[in-house]
1. Shape verdict for the range 102-141, please, from the Cα gyration tensor: rounded (a/c under 1.5), prolate (a/b greater than b/c) or oblate.
2. Could you calculate the contour length gain from residue 384 to residue 253, that is, 0.36 nm times the residue separation minus the distance between their Cα atoms, to one decimal place in nm?
3. Just the accessible area per residue of the chain, please: how many Å² with a 1.4 Å probe?
4. Let me know the shape class of the range 246-285, please: from the alpha-carbon gyration tensor, a ≥ b ≥ c as square roots of the eigenvalues, rounded when a/c is under 1.5, otherwise prolate if a/b is greater than b/c, or oblate.
5. What number results when the radius of gyration of the range 336-383, computed over Cα atoms, is divided by 2.2 N^0.38 Å?
6. In Å, what is the Rg of the alpha-carbon atoms in the chain, and how long is Dmax?
7. Using 7 Å Cα-to-Cβ label points, what is the residue 335/residue 159 separation (nm, one decimal)?
8. Can you bin the range 290-388 into rounded, prolate or oblate? Criterion: square roots of the alpha carbon gyration tensor eigenvalues sorted a ≥ b ≥ c, rounded for a/c under 1.5, prolate for a/b above b/c, oblate for the rest.
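The values are calculated or read from the model by the stated rules, or taken from the named source; none is laboratory data. Source: prediction; values computed, not measured. We place every Cβ from the backbone using ideal geometry, glycine too, and count neighbours over all the protein chains shown. Protein only, heavy atoms only, side chains kept; ligands, DNA and RNA dropped before computing areas. Shrake-Rupley method; radii C 1.70, N 1.55, O 1.52, S 1.80 Å.
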Amino acid sequence: MVQRRVVTAALAAAVLLVTTSCSSDDGEKRGAAGGSPPSSSGAESPPPEQGADAAPPAEGSVKVVRTVAEDLDTPWGLAPLPEGGLLVSSRDEATISRIDEESGKKTVLGEVPGVAPAGEGGLMGIALSSEYASDHMIYAYFTSESDNRIVRMLYDPEKPAGGQLGAPDIILRSIPKGTNHNGGRLAFGPDKMLYASTGERYEGPLAQDKDSLGGKILRMTPDGEPAPGNPFDDSVVYSYGHRNVQGLAWDGKQRLWASEFGQNTWDELNQIRPGGNYGWPEVEGKGGKSGYVDPVAVWRTDEASPSGIAMAEGSVWMAGLRGERLWRIPLDGTETAADPQAFLEGDYGRLRTVVSAGEDRLWLVTSETDGRGSPEGGDDKILELEVK
């Protein structure tokens, strides 16, 4: 593991000599809703507390229980199945596979047609339908030749391996695509609406343009229509002013949180409010400017480059790509209860996705085979963690 740290540090230093202030959505090689519809009014700051939350202890811990699977190619999204098993998407292979969480055996469900992997684009986030028990639908976010789009597919495990995915039904298209800054996270919220994170493809003004789907968090019905109660009329836009969000999760009070890549200075953890303007490209980090929502926590870009997030034991757990560490951010309502803690620093390389496995357990996906890592034997992996 020391070897990985040395190689990674050397590569990062070399790249810093040739990069400009513009960064990729991963930031690895750069300069430094409730059960009812949310309020339709915008918010410039988190709302007053709705009762007390039990704050977690200031100090936490992480234990790697086991390696669940290894030798995965560019894993990106992860979705636990209620009947057992983990679905994982491959960004570059454009496949969705099922991992047996006991044996680690991988079964390819099928390839998603229409995916055009390039740069940081490809097959990214996946999510199970909020009605999965009855409709067996898998949702996926991917880069095509012309745009980023969201599709849904029927999953039939009774069919032979490789042919278990039905034809994709496009529910949303025309999300701006680029070599970098494609967003890509999908998640169904506690309100049973579908949320998606998008990037601004290196065009900062798109993030402030409410008529563009770039640089946003989107909220829609399972059919891809604007969700009831959205803050802007006849629009799937839920919040804006984002550079490149790649993590979405809800806390015990059904508040939405998101991780976001900064450019040269600050990566962010934001508490998301409907209609909120999160500042990019006018503000990076905590600007304290009227009209913009400040992040709850920030990191230097070489310490984080955050991707997926999950909630467990009263804390946000945030996977770091360039930072090669798992961050614990203990929460007290909509504020931090203590300073963030870093775990697994450099032990497993770049970390892409983290998903709750229930109670004090997490699934963690590494990202060493995406073209920016330093793969070692067994990469990439899915790990099971015990956290406190």
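1. In terms of gyration-tensor shape, oblate.
2. Here the answer is 44.6 nm.
3. Result: 38 Å² per residue.
4. oblate
5. Expressed relative to 2.2 N^0.38 Å, the Cα Rg reads 1.31.
6. In Å, with Rg to one decimal and Dmax whole: 19.1, 57.
7. Placing both labels 7 Å along Cα→Cβ, they lie 5.3 nm apart.
8. Oblate.
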